[in-house]
Every structure is written in C-alpha cells, then in structure tokens.
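Just so you know, all these numbers are worked out from the coordinates, no wet-lab data involved. Note that the structure is a prediction, hence the values are computed from the model and not measured. Backbone-built Cβ (ideal geometry, glycine too); neighbour counts: all protein chains shown.
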Amino acid sequence: MALDQPRKFKYVGTRPARPDGIDKVTGRAQYGNDITAPGMLWAKVLRSPHAHARILSIDTSAAEALPGVRAIVTGADFPPIEGDAGMRDVQLNCMATTHVWYEGHAVAAVAATSQAIANKAARLIKVEYEILPHVTDVDAAMAPGAPVVREGQTMENVPAGMSANVTYHSEFGHGDLAAGFARADKIIERNFRTAATHQGYIEPQACLASMTADGRGELWTCTQGHFYFRTACAAILGIEASALRVTASEIGGGFGGKTQVWAEPVALALSKKAGKPVKLTMTRDEVFRGTGPTVTTSITCKIGMTKDGRITAGEATLRYSGGAFHTGTCDMGAMAAFASYDLDAVRTYGWNVLTNRPKEISYRAPGAPQAIYAVESTIDELCQLLNLDPLDVRIKNAAKAGTKSSYGVVFEEMGLLAALKAAKAHPHWNSPVPEGASRGVACGFWFNFGGNTCVSLNIGTDGTVAVSEGNPDIGGSRASISLMAAEELGVPYEKVRTVIADTGTLGYNDNTDGSRVTFAVGLATIRAAQEAKKDMMRRAAAIWGIDAEAVEWVDGAAVPAGPNAGKFPPMTLAEIAAQSFQTGGPIAGHCDFQADGAGVSFGVHIADVAVDQETGKTKVLRYTVFQDAGKAVHPDYVEGQMQGGAVQGIGMALNEEYIYSDKGVILNPGFLDYRIPVASDMPMIETVILEIPNPGHPYGVRGVGETPIVPPLATLTNAISRGIGKRLYELPMSPPRVLKAIKGH
Amino acid sequence: MRYARPETPAEASRLLAAEPGLARVMAGGTDLLVQLKSGLVEPDLIVDIKHLPGAAMITREAGGFRIGAAVPNQALGEDRDLVAAWPGVVEAASLIGSTQVQGRATIAGNLCNASPAGDSVPALVAAGAVARVTGPNGERDVPVQQIPTGPGKTSLARGEFITSILLPARPARAADAYLRFIPRTEMDIAVCSAAVNLELDGKGVVARARVALGAVAATVLEVDVSAALVGTRLDDAALDKLAKAASAAAKPISDKRGTVEFRTHVVGVLARRAARIAYERAAR
Amino acid sequence: MTGTLVTSKVNGDEVQFIADPGETLLDVLRYKLNLMGAKEGCGTGDCGACTVTLNGRIVCSCLVLGVEAEGATIGTIEGMADGNRLHPLQQAFIDHAALQCGICTPGILVAAQKLLERNPDPTEEEIRYWLAGNLCRCTGYDKIVRAVQAAAAQMRA
Amino acid sequence: MVKVALWGTLRQHADGQAEVEVQAANFKQLLDELATRYPGLKPQIKRGVSVAIDGKVYREAWFTPISPDSQVVLMPYMVGG
C-alpha cells in the first residue's frame, strides 16, 4: 500500500464544518448525563475513606429502611471472575469485596427514587473496617519492609527478594552499554519524579442502565469504547455479551480516562436488582478519587555524550505505579523513552509497583510523557554542560527511517528530522529570547496503533452515503471519516453522514484510543467505500452491457476505462444509486479487519517562559508545536489535537498533581486545587503540521492525538531550568518547588 | 431544609434567632452551595437576604460607600467612583472566583465565610471598613477585622447577620492595592496575600499606612508598619523593611496550597509589590 | 422537605416549577424544565459548564438554588439561537473548530455572549480572563479565543 | 527459519538469547513455537504480546504472514489513551 507519489486530494485536507457542530453549539447534543428513562432511579456509590483496609462487615439495613430506596449492591452481588486476572481486577476495582485498596474505592451502591434519597441512603450504610498500613509513594512501596498492598501479584519476571509490591519487570534495548559510556566525554545520571495526574475531562462518568427480568440490558454511557464496555460489563455481571446493548452517548472528553468501566457495571447491577432503569453519575470528587489517574513515577536516567554532541549510550530505570493494580504502562514508558534517538547502546528497565492509589487508566500516550521527560531533561542538561545547541544535538542524534529503535523495531519513513528542521527554521527558534525569559525545547514520541475495526457504508437511493462506525467521536472524527468517505467515493462531504453505531448493529471496534481512529476507522471506511464502488462499477457495466473490468471510477462516477470499452457518458453515484432496486438491491460496502501499520508519530515543542524569581511562578509566553501528522485529514482538528495535548502537558509540567495526606487521602479532589490550565494561563499555541505520509495508509494518515502531550514536560523543565540557572528534577514545577530551587535550599 | 426570603432585616433576624436547628444566611451563595454539595453543612433553614431593602445597592454615605450585603462583586467594579476611591478593595473583590462567581459572590459573604484566605478581607481590613450588623438587639457597627475569629468562625451572635459594609471617605492622595499569590492566573484560592492602604501628604510622603495579610494566620493579620513606611517616600529601604515586617509577622501553616517557608517569603514580596502599586496610585 | 412554587422567565418564556429547597437551579433546568444544555462538570463553580444568565449576569447555575429563581430572568444555551439562525458566536465556534468534545461549549458560549454585550471589542487578554472560569480540556483554548475574536469582529461590522 | 528479537526480560527464558530462530510462517505459529521451545515465555504470551514485522506493529493478528527474511520483534501488548 505504499504511496507511488503525493496524491492530490479533493476533500481530504479541507476544513468543513463538523456534522455534530450545530447540536453541540445549541445544547442539543446528548452526553452521558443527559439521558433519562421512564421510571428511572438515581444511584449513589459509597466509597472507602481509608487508603487500605479490610472490610469486616457492611450493614445496609438502615439504608434499606429509608423510604425511596429500591436496591443496594455490594461486592457480594458480583460473581467472581475466574481465569482472567485483568478482568477480575477491573471487577474488584468497580466494587471492593474483602479489602479496599485506596481511598475512594467503591464498597456499596444504592438506587433510590431521587438523588437526594440515594445520597442519604449511601451515608446510612455502615461499613466496619480494619485499617491496614498503606503506602502511596512509589519509591517507598519498593523499599524492603514496605506495607504490602496486595499479596500474590508478583509475576515471573520479577527477581526474587524484592518487595511484594513489585509486580512486573521488563527490559528493552540493544548494544554494549559499557562500551557506549566509555566513548562518552560526559556522563550524567539523574533521578526524576512525576506526580500522578488526571485526564480532567469536564464530563464526569455518567450512564443509564436498564436490565429487565429476562436478563437483557441496555446501557447508555459516555465511553471511549462501547464495545469494550459491553465485554467488560458482561464479564463483571456474569451475563452474555449479546444480552447487553451498549450505546455511546456524546462524550465530554476522555483522553484515555473513559477506556475503562467504573460506574457501568454498578448501575447495571443496581438496575437488575431494582427492576428499573438506573442513572449513575459521578460527582467531580468521585471522578478524582475513584477513576484512573496516570501513573506516578520515579525514574533514573543516565546518558553519555561526546563533546560534539553525539549520544554514545542511554540507560533509564522507570519505576511506575498505577495504584493497587498491575498495569502495562511501564512497558510503554520503557519502550518510548529513547525512541527519538538513533543509539548504538541503549537500555531501559520498567518496574510496576503497587501503591494504595486508584487504578491507573490511560491518559494520552500512557507512560511516555514521564519517560521522555526524564530523557529529554537529561539530554538538555548535557547540552548545557557541554555548551551545545539543544536543537542541533537532537538533529544530530535523531532517529530516522532505518534506525533500529530503542524498543527493537526498525523505523519506516517518519517525520522527526522534518519536525526538528522545521523547528530550527521557524521564527520562534530564530527570534531572540525575550528579556527576562528563557527558552526550552524537547522531542516527543508515540507509537500509534490500529486495531479491531468494523465499518459499514450504505449508499442511499438518492445518492447520499451513510457510514456506520463504532468509535465515539471525541474530537471531530465524524468529520474526518466523512471526508475520507467523500474522497474515496468522489461525492461532496455534505452527502456523507457518519454515525456511531451501537454494539447491536456493528461488529467489534476497539476503543477510541492509541490515536487509532482517523487511521484505522478511516482505512476501514476507505475499504468499505472501495467495495461499494466496485459494486457500482459492476452495475454500470451491466447497464452498459460491457465487462465490469472495463469500468473505472473517476470523480464520483463510473466511466468506461478506455476508448476500447465503449462510448458512454459517466454514470454518477447518484444515478447508479437511483437504479439500485433494478440492478440488484441496496448498495453497501463493509469492512471488518484488524488495522495494522499505523505510523509512528514524533513532535518537537519550543517554549518561552518567564519565571518570577521572587515567587517561583512560571508564565508561558510563547509556545510552538511541530508534529508529523502524516496526511492531515481535517487540519483544524489536527491543530486542535496538537494544541489541546500541549496544554495538557503544560498542566502536567506546572501544577497538576494528586496530593495525599499522610493517611493516604487525596487532598485535592476538585478543579479548585487540582489545577488544570485556565484560559488566562495560556498563550496562543502555534502549530506547524508536517505531513510525512504513513506508508501504511492509502492517504498517508498517521495518528496525531497522543504525541502532543509528551514534549511539554521536558520543554518547560528545560526552559525553566535555564531561566533560573538551576536544574529541576520533579514534576509538577509548582511555584513552591521552583522557588525552593531558586533560593537553593 | 427550608428556604426563607424575608423582606425586612428584622424579619430575617427573627427567623435566624428562632430556628432551633442550623440556620445559614445566604447572600450570593457561592460558598454556601459548595458546602451544601459536599455535605459539610446541612442547614435546616436558609435565609436569603438578597431581597432586603438596600441589600443590593451601593449608596454614598458621608463621603464613603455603603455596600449592601447582597451586592455582587461584579457590581463593585462597575461603580467608577468606588473604583477610584478604593481600587484595592475592588480588585480584591474581583479576584474572587470566576466571572460567573463574580455575578453572585459578595464581600459580606466573603467576610462571614471567615476563611483566612478570603481575598476581599485583607483589603477591607486595610481600608478600615466597618460592617453593619443587624440582630435581635438591633443594629451595631463592627470593624471588619472583628468579624472573623478563626477559620469558619465569626463573632456574630445568634440571629445576627451583616446588612452592609461601609468603606470610609478618602482624603486626597490616598490609595490602596491588593495582591495575592496563586499558582495559576485565576480560579485559585490565595496561597497568601497582602493589602496595603496608604495616605500621602502633599509632598508624597507616607502619612498613614495600613497593611493586612491573608492566608498566613488563622485570621487576616494586620501588621503595624508605621515604623517602616510613615515618613518615607517608599524608597527601597522602606520597602525592604515592609517586606521583612510582613514575613516576620506571618504565622502560616504548610498545606496543599503552600509551605510555611513559601508563604513566609512570598507574603513579604506581595506586601512590597502592593505597597508600590498603592503608592503610585496615591501619588497620581 | 416541602417544595416551593417558583415562577421565572427562562429564554423569554414564563415557566413555573416546584423546587425542593436544596435543589440547584442547574438541576431544575435540566430535570424539571428539560433544558439539558447546561452541564454539571464539577458542582462547585470551578468549571463553568453550567453557566447561564441570571438577571443579566452570568452565573454558575450549580451555585444557585432553584428557589432563588423566583421572579428572575434566566437565559440558557437553548435560547441563544433564533430558531434556525445561529448566534454569530455559535457559528464562529463551528467555523473555527473551537470545540472538540463540546461539553464545555454551551457554558462558554453563554459566557462569551455576555462578554461581547459588555465589551464588543475585547482584547485577547480580556477574553481569556473573562473565560477563565470556563474550563476546556480539549482545545488548549487557542481556537476558542480566536472564535470569540472572529464573532466579535463580525458583530461589530 | 525466522529470527525473532526478544525484549530483555524475555531472554532469561530463552537461554539468555537476544534473538532466537524459529520455524514460523505467521504470528500464531511463531507464538506457538516460542511457547513450545521456551515454556518460560508462556505467562507473557498469555498476558499479551504484539509483534513488529518489518517495522509495522501488529497488536495481535495471528495470521499475519512472516517471511524468512522478515525483521521480527516481539513487543508487550500495547495500550493507549
């Protein structure tokens, strides 16, 4: 599927209005909490106030006695899952059984005739706990003698003799490290720490569940993947997947955070027990306490460099904790850490560590921002020590097509060098650093992937096109998919309508994650369109009485393939569609497949910041994002991903963190003290899209969504560190931390 | 829970005094509703004072300004005379919450919420504002610094509530300023703050100075800075003394918003910066 | 817990509802008046997704009691367009891709409309500070600010 | 025979080799062969492995063909946001 030459596009690459635009600017769009049902009950979850405890008893009698209470569920209402340890963890996270592993862990839930009654009833449930020692810090949890979060979770790859909290170990890389370091003129080893951060989507988890006595269920929910939600809910409730239909509402942000179930199995269990539809909406407080933040990490990074800026060896140890549950995020970090560089000797070590924190869930390029922050900071410090230009050093060491990456894969065509060179040529980089400000630069990377995908495309008799796809539209994907269908069929964008099908009407689609949708769903849409086109050409051929092979598709119409095929005027899609009942019935295309061949994604960010030397407060003055997007299908939304991701990364860098008390209780479970960037914090975010076609996609599409959150952590660290003349090794770089560095204690 | 909307101060006071359970006064409600939502308070009675006569008005009184207890902070910034006379008080009040919160929140509410970090309180204290309190025994006037007695606690007796706050008349060449430190540019609670109110003589020499600090003690802290500032033109030496005095007076705690050392240092920085702004305004 | 009969004007129409004393205006709008455009993102006045106008000022409807709306004039996102004719801000948000997930959009539009009423030609800084209480997690605010600027320019023309 | 690169922690279960040679024409055969020859790899294979063949990452597709001269790299099963 390699590209012969740069393709000329008619619709792809334009910026039409998104199809859900009017609904979303008029308040008509229906999100998770906007759906109601006749006879609906309201639910409330009771959560653990303790970071770690054994549940001795749960007394629901007072709550049950409250008028209006219709059902109460606890862990005992969920049949234990055998065999699938990962799904068992998801179940235990949705509702605790014998132990609570973090403050905010769900222990019971109530459904009642009003939210007020449900809230009151939840407070009447008496849970007796035996409080156990807890640990929330990743380094403390790894230390010998640390309180054990959960016994028996250690996997075969963990060396003997470590804390029982260490559950998983991985190692990546190649080459002779010792020889590499021996060639270096300067070697530094630094320790970094990053706080847990939350996706911070503005829409809390919300769903409406309706189970009937015959064992069938309906679930409406805001999700990044309703097909996975069906799988998970069915497993957790012990019902068959086909008994449950899941419909994705509009989704008010996810960023990875809505790739896992929390509220849904609980709402379904309550509905089953009460025999009524149940609405379960989390409060913001519950979102912070109960749903997945990112990992919290402790990272050691060692890099050797020659005087002229060649990296001779790199080594990083990544200690990640995703709460009281195993996660694969340390692998992603360990693979991504050095991906931007062409290295002869590189080694990364991943460790997963259990702590008494909520179960981690993906947040935009999960694991990569933290790992790459450590590497990009260390490189920048070396550049300072060796008096080298940080952009030139990155250009000198950049990975390119043919480079054996630090995770073993040899890269195909990709755009890191293009992004670095664009940065070097850009007015931002070439402007003088403003008085009192400082500048930082860093690279970022994400793998991107494809995955299970199923799309149906139907041609209406009036020549319009209906695309059914199975991935919730989280940031304009309906527009991109419609554009690709329009391009492939040669019909105007306005003639295409893309809808998100429910689980009952389309085959399985993986979550909207991994930057996969524009790539994978787009590819499936193109293939479905090609199938429909083939059918239409066959019908045109039959009408004309020529061979189907003698027809081709040009500009939205079937035309004879050459002078020998006969002389017929083009037959448009609308003309063929109008005659479809006479020519064999409805015209459709379908594609179900596993999309592979997503192209890797790289970005480079530049920031100018001013640090108030008396208070340690950072202001971002100017910010520019360079990224290889492959072909940008709808450039507005590509820019939007780059800007939004960058600002989330800036939030991680400056102020966002989970703050714990010494009792393991989260102290800032709200937008007041969990400080995501507000409009007045930010400058405009300039974007430069580079379009290095992905050879694995007919239009050259890569994913774009995840990479932009990666570089800001080090970009700002490098800018601030240069600005204050002291290196910073911990995120967030909140004013107290920066001031402390400035004052040198 | 019941809700009452009395039409006279006497009726409001009577309702508050007669409630056997927990009664709460509501003006803008921006603190009260957050507390209700979190289950922090479960009042039996809410008394809405927005509809009392004059509650939503700013009136001129003896050259000063009487600000009704239900005047939303946004309205303070819309009163040009008030902004000209008390720019520091107005900027402090306009820093509380978002534009949306500005449409509801009041300085009387901010005072009665009795948070050590309330933005308008240091400015009101430095301004020498006086609260008018109505209660079962009639009206009394109380200097604002005597209202909060500790985090979440006030000196108001049962049945008492604030009906208005008086900002006194201003002599010529006088101005105030307020600065707070927050990690973002908006939407945060003050980590620490400083209000400075200066009166200059005809030659630009500081004649009187009041300084109040926020979020560095259990209540707003007024610091006597006469020795540092009075008689100076606010040169660097005077500002240094002021910053030192502010830092020395601060008795902060470490919490999720800041550390003792951070607050102690930064409150001095803010006092210095606020004093410079107030001086420039007064000298104009 | 007894309810109170409340009469107010919402988007120009007189409405009546029974409010429980502890019920927020947001819940009344959403569940009693079926105006689902205002969203609850936090319930504590920190995110602005529930922004409506109340007697001419923008407020977080999660921080207003339903009973307080007696005699009040309220405006919500549902009242912003004139039938099928979008307000210039609404059109600008679509044209400038100023929304991704769209959950914050109703609140931002209501807030921005009030800004432009008060200040037809706001600077970038004025827009950013006015909207500081409207959190958006998708866009990084860039395209939102540009859309407000574009709508303002169009409305001035 | 196909050369398969193993990531660091898998090597202890494959006699310390960074690269092993197996007889396989597709991903499924490759996994089966690895599990048979190196039983220590089974837990990770059960948890999930992806494969990169000539630079393209396949998250789980069993029947992805592998030719003898393909560059094959095992990777942990990938997650995203």
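Quick one: plug the Kirkwood hydrodynamic radius of segment C:88-156 (C-alpha pairs) into Stokes-Einstein at 25 °C, 0.890 mPa s, and report D in µm²/s. Walk me through the numbers on the way to the answer.
Details: Rh = 11.5 Å.
D, rounded to a whole number, is 213 µm²/s.
For the protein assembly as shown, with only Lys/Arg (+1) and Asp/Glu (-1) charged at the beta-carbon, what is the dipole magnitude about the Cα centre, in debye rounded to 20?
Rounded to the nearest 20 debye, it is 1800 debye.
For labels at B:Arg14 and A:Ile188 in the simple 7 Å Cα→Cβ model, what's the distance in nm?
7.5
Restricted to Cα positions, what overall size does the protein assembly as shown have along the principal axes? Three whole-Å values, descending.
Largest first, the protein assembly as shown extends 100, 74, 69 Å along its Cα principal axes.
Compute, for segment A:441-536, the length of the dipole vector about the Cα centre, with Cβ point charges of +1 (Lys, Arg) and -1 (Asp, Glu) only. Units Debye, rounded to 20.
On the way: 7 positive and 11 negative charges, 27 e Å.
Charge dipole, segment A:441-536, about its Cα centre: 140 debye, nearest 20.
Find how much the distance from A:Asp547 to A:Glu64 grows on full extension, using 0.36 nm per residue of separation minus their present alpha carbon separation; answer in nm with one decimal.
Result: 166.5 nm gained on full extension.
Which one, D:Ser67, A:Ala466, B:Val71, is farthest towards the positive end of the dipole of the protein assembly as shown when Lys and Arg carry +1 and Asp and Glu -1 on their Cβ?
Selected residue: B:Val71.
Can you pull the one-decimal nm distance between simple spin-label points at D:Tyr77 and B:Arg284, each 7 Å off the Cα toward Cβ?
Using points 7 Å along Cα→Cβ, the separation is 6.6 nm.
Residues of segment A:124-167 with backbone nitrogen within less than 14 Å of a virtual label 7 Å along the Cα-to-Cβ line of A:Glu730, please, listed as ranges.
So the set is A:137-140.
Going by a ≥ b ≥ c, the root eigenvalues of the Cα gyration tensor, does chain A fall in the rounded group (a/c under 1.5), the prolate group (a/b larger than b/c) or the oblate group?
Verdict is oblate for chain A.
For A:Lys396, A:Lys534, what ranking results if the residue with the fewest other Cβ atoms within 10 Å of its Cβ goes first? Provide the component values of the computation, followed by the final result.
Details: A:Lys396 17, A:Lys534 14.
Ranked by crowding around the Cβ, least crowded first: A:Lys534, A:Lys396.
Based on C-alpha coordinates, I'd like the Rg and Dmax of chain D, in Å.
11.5, 36
Going highest first, how would you order B:267-273, A:643-649, D:23-29 by mean Cβ packing within 10 Å?
So the order, starting with the most tightly packed, is A:643-649, B:267-273, D:23-29.
Need one value for A:643-650: mean number of C-beta atoms belonging to other chains within 10 Å of its residues' C-beta atoms.
Mean shielding by partner chains, rounded to a whole number: 4.
If the reach is capped at under 15 angstrom between alpha carbons, list the aspartates and glutamates near B:Lys256, excluding any in the same chain fewer than eight residues apart.
A:Glu656, A:Glu657, A:Asp662, A:Asp673, B:Asp188
Counting other C-beta atoms within 10 Å, which of A:Lys424, A:Lys186 has the fewest, and how do the rest follow? Please list the in-between numbers first.
On the way: A:Lys424 18, A:Lys186 14.
By the 10 Å Cβ count, ascending, the order reads A:Lys186, A:Lys424.
Ignoring solvent entirely, what values of log10 I(q)/I(0) come out of the Debye formula for segment C:4-77 at 0.20, 0.25, 0.28 Å⁻¹ when each Cα is a single scatterer?
For segment C:4-77, the Cα-only Debye profile gives -0.72, -1.17, -1.48.
Among A:Ile202, A:Thr294, A:Ala248, which residue has its Cα positioned farthest towards the positive end of the charge dipole of chain A, with +1 placed on the Cβ of Lys and Arg, -1 on the Cβ of Asp and Glu, and the dipole taken about the Cα centre?
It is A:Ile202.
So what is the relative contact order for chain C, in percent, with contacts set as C-alpha pairs under 8 Å and at least six apart?
Details: 289 pairs, mean separation 36.4, N = 157.
For chain C, the relative contact order is 23 percent.
Using Cα-Cα distances under 8 Å and only pairs 6 or more residues apart, what relative contact order does segment B:174-283 have, in percent?
32
Based on the alpha-carbon set only, what is the convex hull volume of segment A:644-733 divided per residue, in Å³?
Once divided by residue count, the hull of segment A:644-733 is 166 Å³.
Counting other beta carbons within 10 Å of each Cβ, put A:Phe325, A:Phe519, A:Phe411 in order, fewest first.
Lowest to highest Cβ neighbour count: A:Phe411, A:Phe325, A:Phe519.
Over the residues of chain B, compute the C-alpha Rg and express it relative to 2.2 N^0.38 Å. Could you put the intermediate results ahead of the total?
Numbers: Rg = 18.6 Å, N = 284, 2.2 N^0.38 = 18.8 Å.
Against the compact-globule rule of thumb, the ratio is 0.99.
What is the distance, in nm, between label points placed 7 Å from the Cα along the Cα-to-Cβ direction at A:Gln384 and at B:Arg276?
Here the modelled spin labels are 2.6 nm apart.
Which order do the peptides A:342-355, A:106-119, C:36-49 take when ranked by the mean count of other beta-carbon atoms within 10 Å per residue, highest first?
Put in order of decreasing packing, that is C:36-49, A:342-355, A:106-119.
Based on C-alpha coordinates, I'd like the Rg and Dmax of segment B:174-283, in Å.
For segment B:174-283, the Cα radius of gyration and maximum Cα-Cα distance read 13.5, 46 Å.
Between B:Ala217 and B:Glu261, take the C-beta separation as r, use R0 = 22 Å, and let me know the FRET efficiency to the nearest 0.05.
Between B:Ala217 and B:Glu261 the formula returns 0.90.
Identify all lysines with a Cα-Cα distance to A:Lys533 below 18 Å; exclude those on the same chain that are fewer than 8 residues away in sequence.
Result set, ordered by chain and number: A:Lys10, A:Lys495.
Just to be sure I understand the curve: with the Debye formula and one point per C-alpha of segment B:50-167, what is log10 I(q)/I(0) at q = 0.20, 0.23 Å⁻¹?
So the normalised log intensities work out to -1.09, -1.46.
If all Cα-Cα distances of segment A:328-387 are sorted into 5 Å bins from 0 onward, what percent lands in each bin, rounded to whole numbers?
4, 16, 23, 22, 16, 9, 6, 3, 1
Compute the FRET efficiency between A:Glu531 and B:Ala157 as 1/(1 + (r/R0)^6), taking r as their Cβ-Cβ distance and R0 = 60 Å, and round to the nearest 0.05.
Efficiency, from the Cβ-Cβ distance: 0.15.
If Lys and Arg each add +1 and Asp and Glu each add -1, what is the summed charge of the other residues whose beta carbon sits under 10 Å from the beta carbon of A:Arg364?
Details: positive: none; negative: A:Asp513, A:Glu706.
It works out to a net charge of -2.
Nearest 20 debye, what's the magnitude of the dipole of segment B:174-283 about its Cα centre given +1 on Lys and Arg Cβ and -1 on Asp and Glu Cβ?
Roughly 120 debye for segment B:174-283.
Any lysines with Cα under 29 Å of the A:Lys404 Cα? List them, leaving off those in the same chain fewer than 8 positions away.
In chain and number order, the partners are A:Lys186, A:Lys302, A:Lys307, A:Lys396, A:Lys421, A:Lys424, A:Lys631, D:Lys3, D:Lys28, D:Lys42, D:Lys46, D:Lys56.
Averaging sequence separations of C-alpha pairs under 8 Å and six or more residues apart, then dividing by the length of segment A:510-625, give the relative contact order as a whole percent.
23
First select every other residue whose beta carbon is under 10 angstrom from the beta carbon of A:Thr300; then total the charges, Lys and Arg +1, Asp and Glu -1.
+1
Under the rule of -39500 (n - 2.57) per DSSP H run of 4 or more residues, summed and divided by the residues of the protein assembly as shown, what mean residue ellipticity at 222 nm is obtained, to the nearest 500 deg cm²/dmol?
Here the helix-only value at 222 nm equals -8500 deg cm²/dmol.
Using the Cβ atoms and a cut-off under 13 Å, what net charge is assigned to the surroundings of C:Leu116, where Lys and Arg are +1 and Asp and Glu are -1?
0
Compute the helix-to-body angle for B:260-283: its Cα long axis versus the longest principal axis of chain B, expressed 0 to 90° and rounded to tens.
Result, in degrees: 80.
What FRET efficiency comes out for B:Asp201 versus B:Ala84 if R0 is 25 angstrom and r is the Cβ-Cβ distance? Round to the nearest 0.05.
0.80
Obtain the radius of gyration and the Kirkwood radius of segment B:1-91 from its C-alpha atoms and give Rg over Rh.
Result: Rg/Rh = 1.06.
What trypsin sites (Lys or Arg not before Pro) does segment A:675-727 have in DSSP loop regions with at most 16 other beta carbons within 10 Å?
Listed in order of number, the matching sites are A:Lys726.
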